[in-house]
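Chemist: The structure under discussion is supplied below as structure tokens; questions concerning it will follow.
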Amino acid sequence: MENNRINTLLNELEQLKPNLYGKDFLLTWENSVDNLKAVMIVAEIMQELHRMKKPFKIFDYGLAISIFRDNSTRTRFSYASAVNALGLGLSELDEVKSQIAHGETVRETANMISFLAEAIGIRDDMYPGEGHTYMKEVADAVTGGFEEGVLAQRPTVVNLQCDLDHPTQSLSDMLKLKDYFGGFENLKGKKIAMSWAYSPSYGKPLSVPQGVINLMTRFGMEVVLAHPTGYDLLPDTLTTADSFAKASGGSFRMTNSMQDAFAGADIVYPKSWAPMAVMQERTKLLKGGNTAALRELEKHCLSENANHTDWECTEDMMKLTKGGNALYEHCLPADITDVSCAQGEVAKSVFERYRMHTYQEAGYKPFVISSMIFNSKIQDAYSKLKSFL
Amino acid sequence: MENNRINTLLNELEQLKPNLYGKDFLLTWENSVDNLKAVMIVAEIMQELHRMKKPFKIFDYGLAISIFRDNSTRTRFSYASAVNALGLGLSELDEVKSQIAHGETVRETANMISFLAEAIGIRDDMYPGEGHTYMKEVADAVTGGFEEGVLAQRPTVVNLQCDLDHPTQSLSDMLKLKDYFGGFENLKGKKIAMSWAYSPSYGKPLSVPQGVINLMTRFGMEVVLAHPTGYDLLPDTLTTADSFAKASGGSFRMTNSMQDAFAGADIVYPKSWAPMAVMQERTKLLKGGNTAALRELEKHCLSENANHTDWECTEDMMKLTKGGNALYEHCLPADITDVSCAQGEVAKSVFERYRMHTYQEAGYKPFVISSMIFNSKIQDAYSKLKSFL
Amino acid sequence: MENNRINTLLNELEQLKPNLYGKDFLLTWENSVDNLKAVMIVAEIMQELHRMKKPFKIFDYGLAISIFRDNSTRTRFSYASAVNALGLGLSELDEVKSQIAHGETVRETANMISFLAEAIGIRDDMYPGEGHTYMKEVADAVTGGFEEGVLAQRPTVVNLQCDLDHPTQSLSDMLKLKDYFGGFENLKGKKIAMSWAYSPSYGKPLSVPQGVINLMTRFGMEVVLAHPTGYDLLPDTLTTADSFAKASGGSFRMTNSMQDAFAGADIVYPKSWAPMAVMQERTKLLKGGNTAALRELEKHCLSENANHTDWECTEDMMKLTKGGNALYEHCLPADITDVSCAQGEVAKSVFERYRMHTYQEAGYKPFVISSMIFNSKIQDAYSKLKSFL
């Protein structure tokens, strides 16, 4: 029976024409739908192999480097798990312990740490205009080192969350949908409400909603983005979402009403983020070291947030969804009213009902990361995966 | 000859009926004597395999997570060694780097980090009423995740020191006794003095003495607990030690005289700890963030300690023991007079004479940890260990 | 063709009579020339194996410990890479997290962390008189533990930079020379200018120039050490360099002129360091915790440095070298004028021209470290390396 599931997935994989070999994974929207499907299906196969206690190691030795420019628990452990399963040793680049602040350029450091590196995972999501740029710099640096013969192999760069996209998250979100609704083809026409929600915190990055609207529109879904006035995402990510929807036969629209977004939705994704303008202002102030103005900005932003405490995924709000039982998704940790805060993104009873679904959603992430590295290293993924059975 | 030792140990193991498969290891007193013996004998077999340069790896991949809520050198490295030998990659949950402080519940975090985890080692020993409770929360969380299908495997939780017990230490202490006196059966009737000793420090946890009196009483030993008035251990741990002594044909008594405890002792274990009442008060103040009162408490406690500088394991004190040459045990690091402090737990000359014994005592710990995880994962430990030969 | 290179190197190795088995690697000048050649040639073979994607793992399990008493990016990752390739798990001894500051002696800690350790890499370069002494203490401690039976194996201690020498760096520097000039024998008579250079920073260690003048003089090179008055190295290292030069048929001289050193040089190594007297004064003040005097010393030292901004490796300076195109070496990161600082050790255009050479120079380091550990563990290196083909 287990083998049946693996075989079905291997057959799905065999139909695809992905183009992932030797490539980094930075943004879903740089990739074809076949690439995205291949990353997801290989992840599912790896999860199945793991359940069957069959290893899928592809390296005898080598390092996987992680660079986290923000705090992180789950992404850190997902990456640690992913690279361990592939046979790599994890080395974290701790920018406090290292000499990066002492005049090393990105180009030099990227090469210096990569002599035996097979993968570099980066999380850098706090500053609009920064994270993706930094990842491309690292990618260019190791390309240069590889082409000049300094590096015997080129490490694959994996985006663990940047200012634009959070592909390991959005692909995990989608794998949960695939499992829940029974296949990619069943997602066509399903309505998903990617909605801002109130949180008593400040400065949450934009990459999750941007990633979701740009991935779900690739699969013919009806994507509605909802947020209060002023909580805009980066304009380019709206344009791409729009054209993806058109190309896939789905739809993309925006609204300033959570109710409107939730009405008849098959899936809801209520999640807080900071207004883009605030993030940009914050970046400027942080760089200038202007702490007084930063405190002022935080105060202003929190009080602005407080005008929208009604943007909460309550039981009443859930009743608006299709059959009153849309699937609730979240990247975790959620701000849960009466659990992690007095008032937050989601009512306690709603979250509790979907808790295990959100855990399963998160559970794909280690395998999505493994899959990204695997697909970059193994030209014939199908045969290699079969050999693990 | 080496094989003879392994064979003897394998035969010892074969006689036992342990019940460790699929279990966590949190407290020695939750375990049968056969369980305790099995953990110790498997540890000895692993140590012997290591000496013979024979690997005993049981995992192809997977993570071992450690959560240290206190500073630690030796336990940290013991755990790192133990899980490395079993084939696991180590991932430390650093609560500063992670988002634990930002509203994540224990339940959620425990699952989020465990998708590919086989073991979770926890040290949380500073707050009476906290450490063991936390470990059970983690254990319950991964049980829930496993039963709901979120986790493909349930990581084994190992107590690396809590507020109640320090099983990896006490089992190492006992393995040293087994080796020194030539077998578990030879420990019957041996007198061990678990004695408080003076230290110029403050706030040392209670788990070592509590662990020792509750383990040595399981093996028919005459256990004497000595401390100045006021330096009580947690009451429940005294009750259990008493009933263990009765059940095993040993004895357990308390005294306020170090001399009394040392008189005729076969083994002495002089070690400082904080009075339980102080630890409880301290926990309250720490939680309330009352730093002024904390300084006051520390001052008071150190001055109270200073009334008992005569509680030192001096040469004169050693002369009271059986033949003047009882075995000296310590969990290390010891406060050594004229070495690590002006006046401490033990005289320099005494410590020097037993230094290598204390190192050997500590040397069991990595294998005790390996053994706990191994016994939880491998149903037929005997056959599996034989296969490594 | 690849195999040809490997075979040539294996033949080179076979001619040597090294004496590295069971030894630590602390100082190049404690080693015979055959030892140094063996370390370097094994490193080259490992680099070639890595290019051929052939693993050279020699451990089934075990820890490699690192102790970094200074910040470090490249050495940290070089060590992580080296030990991973050999099959060891990395455990960093973080002196903040550990209890080292709480009265543990070096002897005890070294044993406590080494029960399953195969290697200990140490970087401790800031204090004249300290780093090498500390490494010997650690080495003596594990020798004691091994001889007493506390440790089943003796971990190899590797110097990752001390107050005296930086052997993993200087051997990498020399491997670059071997490659560039086509063999050790071609280095005879080549002139290398090991020159101080201006940097707007303060307190850079002396081990790089000391290591270079004591290694290059072993191979018949003409070594010129140049620095402004007052920027002396430790006197003993000058004496040994002098006698090495005499023994190898090379030469060693000092000058206070960068021009003099560069004139006709085949290789230049312009690099800043602090005057020995300043380092010694600084050590005293740091130990005394005299921060006011430390700030004063830094100010004084930076203003003294500022008298020598003309000690820069400019295009004009390069024109003085043989054919105007001496090889530029650096341990990285370099202080590059208009890149990492307003004025530094080297002109931007010079550095850019040699950038990839410096990356290749650095690229030997992981393999030099692997080689040091490998040679200490494997008696017949030649046969073992052949078995990896």
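Chemist: Is there any pair linking a residue in the stretch B:49-64 that is assigned by TED's automatic domain parsing to the domain that holds residue B:156 and of a type in the set (Ser, Thr, Tyr) to one that is in a loop (DSSP other than H, G, I, E, B) and surrounded by 14 or more Cβ atoms within 10 Å (Cβ to Cβ), with Cβ under 9 Å and at least six apart or on different chains, and which?
Modeler: B:61/A:55; B:61/A:56; B:61/A:87; B:61/B:87; B:61/B:88; B:61/B:116
Chemist: Checking residue A:181 against (1) in contact with a strand residue (DSSP E or B) (Cβ under 7 Å, 6 or more places away or on another chain); (2) not assigned by TED's automatic domain parsing to the domain that holds residue A:242, only one condition comes out false. Which one?
Modeler: If we test residue A:181 against (1) in contact with a strand residue (DSSP E or B) (Cβ under 7 Å, 6 or more places away or on another chain); (2) not assigned by TED's automatic domain parsing to the domain that holds residue A:242, just (1) comes out false.
Chemist: Just name the residue that is surrounded by the most Cβ atoms within 10 Å (Cβ to Cβ) out of those in the stretch C:50-75 that are in a loop (DSSP other than H, G, I, E, B) and of a type in the set (D, E, K, R). Steps first, please.
Modeler: Here is the first cut: in the stretch C:50-75, the residues in a loop (DSSP other than H, G, I, E, B) are C:52-62, C:69-73.
Subset that is of a type in the set (D, E, K, R): C:53-54, C:57, C:60, C:69-70.
Values: C:53: 11, C:54: 14, C:57: 13, C:60: 14, C:69: 19, C:70: 15.
Checking each candidate, the answer is C:69.
Chemist: Restricting to the stretch C:140-174, count the residues that are assigned to a helix (DSSP H, G or I) and either free of Cβ contacts under 8 Å to residues at least 24 places away in the same chain or crowded, with 21+ Cβ neighbours inside 10 Å (or both).
Modeler: Result for the stretch C:140-174: 14.
Chemist: Out of all the residues in the stretch A:178-218, which are of a type in the set (A, V, I, L, M, F, W, C), touching a residue at least 40 places away in the same chain (Cβ under 8 Å) and crowded, with 24+ Cβ neighbours inside 10 Å?
Modeler: A:192, A:193, A:194, A:196, A:197, A:212, A:215, A:216
Chemist: All but one of (1) touching a Ser or Thr at 6+ places or on another chain (Cβ under 9 Å); (2) over 20 Å from residue A:346 (Cβ atoms); (3) assigned to a helix (DSSP H, G or I) hold for residue A:261; which doesn't?
Modeler: Of (1) touching a Ser or Thr at 6+ places or on another chain (Cβ under 9 Å); (2) over 20 Å from residue A:346 (Cβ atoms); (3) assigned to a helix (DSSP H, G or I), only one is false for residue A:261: (2).
Chemist: Name the one entry in B:339, B:350, B:346, B:368 that is in contact with a Cys (Cβ under 6 Å, 6 or more places away or on another chain) and within 14 Å of chain C (Cβ to nearest Cβ).
Modeler: Answer to the check: B:346.
Chemist: What are the residue pairs meeting all of these: first residue in the stretch A:362-384, first residue in the same structural domain as residue A:42 (by TED's automatic domain parsing), second residue hydroxyl-bearing (Ser, Thr, Tyr) and surrounded by fewer than 19 Cβ atoms within 10 Å (Cβ to Cβ), Cβ atoms under 6 Å, and 6 or more apart or on different chains?
Modeler: Partner pairs satisfying both residue conditions: A:379/A:21.
Chemist: Out of all the residues in the stretch A:55-69, which are modelled with pLDDT under 95 and small (Gly, Ala, Ser)?
Modeler: We begin by selecting, within the stretch A:55-69, every residue modelled with pLDDT under 95; these are A:67-69.
Selection gives nothing.
Chemist: Residue by residue through the stretch A:7-49, note down the ones that are of a type in the set (Val, Ile, Thr) and surrounded by fewer than 21 Cβ atoms within 10 Å (Cβ to Cβ). Step through it out loud before you land on a result.
Modeler: Within the stretch A:7-49, the subset of a type in the set (Val, Ile, Thr) is A:8, A:28, A:33, A:39, A:41-42, A:45.
Within the stretch A:7-49, A:8, A:33 meet the criteria.
Chemist: Check the stretch B:206-227 and report whether any residue there is of a type in the set (S, T, N, Q), within 12 Å of residue B:329 (Cβ to Cβ) and touching a strand residue (DSSP E or B) at 6+ places or on another chain (Cβ under 9 Å). Talk me through it step by step, then tell me what you get.
Modeler: Step one: filter the stretch B:206-227 for residues of a type in the set (S, T, N, Q), giving B:207, B:210, B:214, B:217.
Next, only the ones that are within 12 Å of residue B:329 (Cβ to Cβ) stay: none.
No, every residue in the stretch B:206-227 fails to be of a type in the set (S, T, N, Q), within 12 Å of residue B:329 (Cβ to Cβ) and touching a strand residue (DSSP E or B) at 6+ places or on another chain (Cβ under 9 Å).
Chemist: Then there's this: Kindly indicate which of A:329, A:304 is charged (D, E, K, R), surrounded by fewer than 21 Cβ atoms within 10 Å (Cβ to Cβ) and not assigned by TED's automatic domain parsing to the domain that holds residue A:82.
Modeler: Details: A:329 fails: surrounded by fewer than 21 Cβ atoms within 10 Å (Cβ to Cβ).
After applying the criteria, what remains is A:304.
Chemist: Continuing with the same structure: Is it the case, given these coordinates, that residue A:125 is more than 14 Å from chain C (Cβ to nearest Cβ), farther than 28 Å from residue C:335 by Cα, crowded, with 24+ Cβ neighbours inside 10 Å and not hydroxyl-bearing (Ser, Thr, Tyr)?
Modeler: On the way: more than 14 Å from chain C (Cβ to nearest Cβ): yes; farther than 28 Å from residue C:335 by Cα: yes; crowded, with 24+ Cβ neighbours inside 10 Å: yes; not hydroxyl-bearing (Ser, Thr, Tyr): yes.
For residue A:125, the condition - more than 14 Å from chain C (Cβ to nearest Cβ), farther than 28 Å from residue C:335 by Cα, crowded, with 24+ Cβ neighbours inside 10 Å and not hydroxyl-bearing (Ser, Thr, Tyr) - is met.
Chemist: When you scan the stretch C:264-285, how many residues do you find that are of a type in the set (Ser, Thr, Tyr) and assigned to a helix (DSSP H, G or I)? Don't jump to the end; show me each part of the working.
Modeler: Looking only at the stretch C:264-285, we keep the residues that are of a type in the set (Ser, Thr, Tyr), and these are C:269, C:272, C:283.
Pick out the ones that are also assigned to a helix (DSSP H, G or I) and you get C:283.
Residues in the stretch C:264-285 being of a type in the set (Ser, Thr, Tyr) and assigned to a helix (DSSP H, G or I): 1 in total.
Chemist: Hey, among B:200, B:270, which residue is farther than 22 Å from residue B:31 by Cα, modelled with pLDDT of 95 or more and in the same structural domain as residue B:308 (by TED's automatic domain parsing)? Reasoning before the result, please.
Modeler: On the way: B:200 fails: modelled with pLDDT of 95 or more.
Among B:200, B:270, only B:270 is farther than 22 Å from residue B:31 by Cα, modelled with pLDDT of 95 or more and in the same structural domain as residue B:308 (by TED's automatic domain parsing).
Chemist: List pairs: first residue in the stretch A:24-35 and more than 22 Å from residue A:163 (Cβ to Cβ) and among the charged types (D, E, K, R), second residue buried (at least 16 other Cβ atoms within 10 Å of the Cβ) and at pLDDT 95 or above anywhere in the structure, Cβ distance under 8 angstrom, at least six positions apart or on different chains.
Modeler: Listed pairs, sorted by first residue: A:34/A:16; A:34/A:18.
Chemist: Moving to a separate point now. Answer yes if at least one residue in the stretch B:314-335 is within 14 Å of chain C (Cβ to nearest Cβ), assigned to a helix (DSSP H, G or I) and not β-branched (Val, Ile, Thr), and no otherwise.
Modeler: Filtering the stretch B:314-335 down to residues within 14 Å of chain C (Cβ to nearest Cβ) leaves B:330-335.
When the remaining residues are screened for being assigned to a helix (DSSP H, G or I), the result is none.
No - not one qualifying residue is present in the stretch B:314-335.
To keep it simple, each residue is scored yes or no on (1) without any contact (Cβ under 8 Å) to a residue 12 or more places away in the chain; (2) surrounded by fewer than 18 Cβ atoms within 10 Å (Cβ to Cβ).
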{"residue": "A:229", "(1), (2)": "no, yes"}
{"residue": "A:233", "(1), (2)": "no, no"}
{"residue": "A:237", "(1), (2)": "no, no"}
{"residue": "A:243", "(1), (2)": "yes, yes"}
{"residue": "A:246", "(1), (2)": "yes, yes"}
{"residue": "A:251", "(1), (2)": "no, yes"}
{"residue": "A:257", "(1), (2)": "no, yes"}
{"residue": "A:264", "(1), (2)": "no, yes"}
{"residue": "A:270", "(1), (2)": "no, no"}
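Chemist: Taking residue A:353 as the residue in question, decide whether it is touching a Phe, Trp or Tyr at 6+ places or on another chain (Cβ under 9 Å), of a type in the set (Lys, Arg) and farther than 24 Å from residue A:233 by Cα. First the steps, then the outcome.
Modeler: Working: touching a Phe, Trp or Tyr at 6+ places or on another chain (Cβ under 9 Å): yes; of a type in the set (Lys, Arg): yes; farther than 24 Å from residue A:233 by Cα: yes.
Considered against the rule, which asks whether it is touching a Phe, Trp or Tyr at 6+ places or on another chain (Cβ under 9 Å), of a type in the set (Lys, Arg) and farther than 24 Å from residue A:233 by Cα, residue A:353 comes out as yes.
Chemist: Condition (residue is farther than 30 Å from residue A:244 by Cβ, at pLDDT 95 or above, within 14 Å of another protein chain (Cβ to nearest Cβ) and surrounded by fewer than 20 Cβ atoms within 10 Å (Cβ to Cβ)) applied to the stretch A:76-93: is it met by at least one residue?
Modeler: The answer is yes, given that some residue of the stretch A:76-93 is farther than 30 Å from residue A:244 by Cβ, at pLDDT 95 or above, within 14 Å of another protein chain (Cβ to nearest Cβ) and surrounded by fewer than 20 Cβ atoms within 10 Å (Cβ to Cβ).
Chemist: From the list A:52, A:40, which residue is modelled with pLDDT of 95 or more and within 12 Å of chain B (Cβ to nearest Cβ)?
Modeler: Working: A:40 fails: within 12 Å of chain B (Cβ to nearest Cβ).
Only one candidate passes the filter, namely A:52.
The values are calculated or read from the model by the stated rules, or taken from the named source; none is laboratory data. Only a predicted model underlies this, so the values are computations on that prediction, with no experimental measurement involved. For neighbour counting, all protein chains shown are included, and Cβ atoms are generated from backbone atoms with ideal geometry for every residue, glycine included.
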